[in-house]
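S.K.: Let me give you the structure first, and then I'll get to my questions.
The values are calculated or read from the model by the stated rules, or taken from the named source; none is laboratory data. Predicted model, so just to flag it, every value in this text is computed and none were measured. Heads up, the Cβs are rebuilt from the backbone with ideal geometry, glycines too, and the neighbour counts pull from every protein chain shown. Just so you know, the surface numbers come from the protein's heavy atoms only, side chains and all, with ligands and any DNA or RNA stripped out. Shrake-Rupley method; radii C 1.70, N 1.55, O 1.52, S 1.80 Å.
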Amino acid sequence: MVPSRLPSPSYVRVASLFLAMIALLAMPFYSQAQTRPAITGISHMCVYASDAEASDNFYGHILGAAKGADPQDGSGVRYYFGPEQFVEVLPLPAEHTLSRISCVAFSTVDAKGLHSYMEAHHTEALGAVETAKDGTVWFKSHDPEGNLVEFVQGGHPHAVPASAKPIGTRIIHVGYMVHSKAAEDKFYIELLGFKPYWFGAMKPEHTDWISMQVPDGKDWIEYMMVGDGSTTPVDHVDARELGVLNHFSIGVPNMEKAVTTLYAEDRLSPRHDGPQMGRDGKWQANWYDPDGTRVELMEFQPVMKPCCSEFTATSPTK
């Protein structure tokens with residue numbers, strides 16, 4: 001059928017404006033509904049060091065990680081436990097707080113997509129998406145307690161040489177001081193989809209540790225609770241205590257073998273403790289870097305019933 005006449009120019013302008021308005025109104029609903037890209041595990045933890053040589057001995061010799069350049073920050077050094085997991089050691093700034101942790105970082109399959117997803121959900125303090133020399137794509141964020149949190153889409157995996165002797169090849173969790181579970185849950189659970197894993201405490205009727213796995217993997221974060229409800233009063237948190245709270249954990253298949261290796265090869269840090277049985281039913285031991293940051297060796301699987309709660313997700317096996 002042939003129309004009797006063409007639409008007037010004013011009609012076309014009104015129709016175009018109407019369609020544009022519909023598209024603009026629909027954009028927030030589309031953005032809110034978009035799928036969150038997968039967050040698959042822990043990428044790394046950034047720590048500050050006041051003595052580069054002492055830190056190099058700790059991470060490179062005692063823990064046996066492979067030293068490498070830092071394509072994200074030229075002032076830093078990376079120590080790799082596996083091709084895609086590492087500790088980033090940065091110089092201690094002249095203006096610093098008690099904390100020796102600079103950041104925690106999680107792996108994602110799509111950094112740009114995750115950035116868009118978080119923008120659509122009105123996440124505050126998002127940095128721009130950046131690309132490093134090795135092809136790594138990442139951006140910075142902050143959780144509700146002000147911790148710097150990075151999301152990293154890995155570039156080229158780092159080849160760990162056969163000469164390296166990492167005491168473990170997998171970082172299985174990171175932990176840091178938390179005052180408000182409710183505030184952190186809005187970020188990690190409600191926004192990002194982290195899953196409950198386990199919680200526990202030193203004493204009944206308290207909660208000291210709350211663990212949640214990443215949405216699409218088995219690594220986890222650990223809220224190290226202080227203040228009301230925990231056994232650690234806020235005013236008891238000095239530099240030494242904060243170094244205990246802020247930590248990362250290396251998984252080992254067998255604690256006896258791991259600790260025996262460290263003793264036999266003279267790979268002891270001046271400060272260390274354990275092995276001991278954790279409240280979660282897993283063998284653990286603690287080594288401390290020269291600035292007091294705790295490195296927890298932990299067996300992958302529990303060997304006895306945990307206190308306080310059952311595990312609500314499957315533990316990593318390697």
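S.K.: Could you check which residue among 64, 217, 274 shows the biggest mean-square fluctuation in a GNM of the chain with a 10 Å Cα cutoff?
M.R.: Per the Cα network of the chain with a 10 Å cutoff, 274 tops the list.
S.K.: A follow-up question, please. Only Lys, Arg, Asp and Glu count, each charged at its Cβ (+1, +1, -1, -1), so figure out the dipole size of the range 251-301 about its Cα centre, rounded to 20 debye.
M.R.: Value, rounded to 20: 120 debye.
S.K.: Another question about this same structure. For the range 117-197, state which trypsin sites (Lys or Arg not before Pro) are in a DSSP loop and have at most 16 other beta carbons lying within 10 Å of their beta carbon.
M.R.: Answer in residue order: 133.
S.K.: Which percentage, to the nearest 5, of the DSSP beta bridges contained in the range 138-296 is antiparallel?
M.R.: Beta bridges within the range 138-296, antiparallel portion: roughly 75 percent.
S.K.: Please give the solvent-accessible surface of residue 263 in Å², to the nearest 10, using a probe radius of 1.4 Å with every protein chain present.
M.R.: Its accessible surface works out to 110 Å², give or take rounding.
S.K.: Taking the Cα centre of the chain as origin, sum charge times position over the Cβ atoms of Lys and Arg (+1) and Asp and Glu (-1), and report the length of that vector in debye to the nearest 20.
M.R.: The calculation lands at about 1120 debye.
S.K.: Restrict the search to the range 194-286; then list the trypsin sites (Lys or Arg not before Pro) that DSSP places in a loop and that have at most 14 other Cβ atoms within 10 Å of their Cβ.
M.R.: Answer in residue order: 271.
S.K.: Which percentage, to the nearest 5, of the DSSP beta bridges contained in the range 81-193 is antiparallel?
M.R.: Here the share of antiparallel DSSP bridges comes out near 65 percent.
S.K.: What percent antiparallel are the DSSP beta bridges of the chain, to the nearest 5?
M.R.: 70
S.K.: So what is the 222 nm mean residue ellipticity for the chain from helices alone, if each DSSP H run of at least 4 adds -39500 (n - 2.57) and you divide by all residues, rounding to the nearest 500 deg cm²/dmol?
M.R.: About -6000 deg cm²/dmol.
S.K.: With label points built 7 Å along Cα→Cβ from the Cα atoms of residue 164 and residue 256, find their separation and express it in nm.
M.R.: In this crude spin-label approximation the distance works out to 2.9 nm.
S.K.: Please report, as a whole percent, how much of the solvent-accessible surface of the range 82-201 comes from carbon and sulfur atoms (probe radius 1.4 Å).
M.R.: Carbon-and-sulfur percentage of accessible area, whole number: 55.
S.K.: Say the cut-off is 22 Å between C-alpha atoms; which of 186/305; 282/318; 195/305 go over it?
M.R.: Among 186/305; 282/318; 195/305, the Cα-Cα distance tops 22 Å for 186/305.
S.K.: To the nearest Å, what is the center-to-center distance of the range 81-99 and the range 103-117, using C-alpha atoms only?
M.R.: Measuring centre to centre over Cα atoms gives 19 Å.
S.K.: Something else about it: Considering only protein heavy atoms, what per residue accessible area in square angstrom results for the chain with a 1.4 angstrom probe?
M.R.: Normalised by residue count, the accessible surface of the chain is 50 Å².
S.K.: Then there's this: Can you sort 158, 179 by 1.4 Å-probe accessible area, starting with the largest?
M.R.: Descending order: 179, 158.
S.K.: Where does each of 50, 116 land when they are ordered by accessible area, with a 1.4 Å probe and the largest first?
M.R.: 50, 116
S.K.: Give me the percent of accessible area attributable to carbon and sulfur for the range 209-303, probe 1.4 angstrom.
M.R.: Accessible surface attributable to carbon and sulfur in the range 209-303 totals 50 percent.
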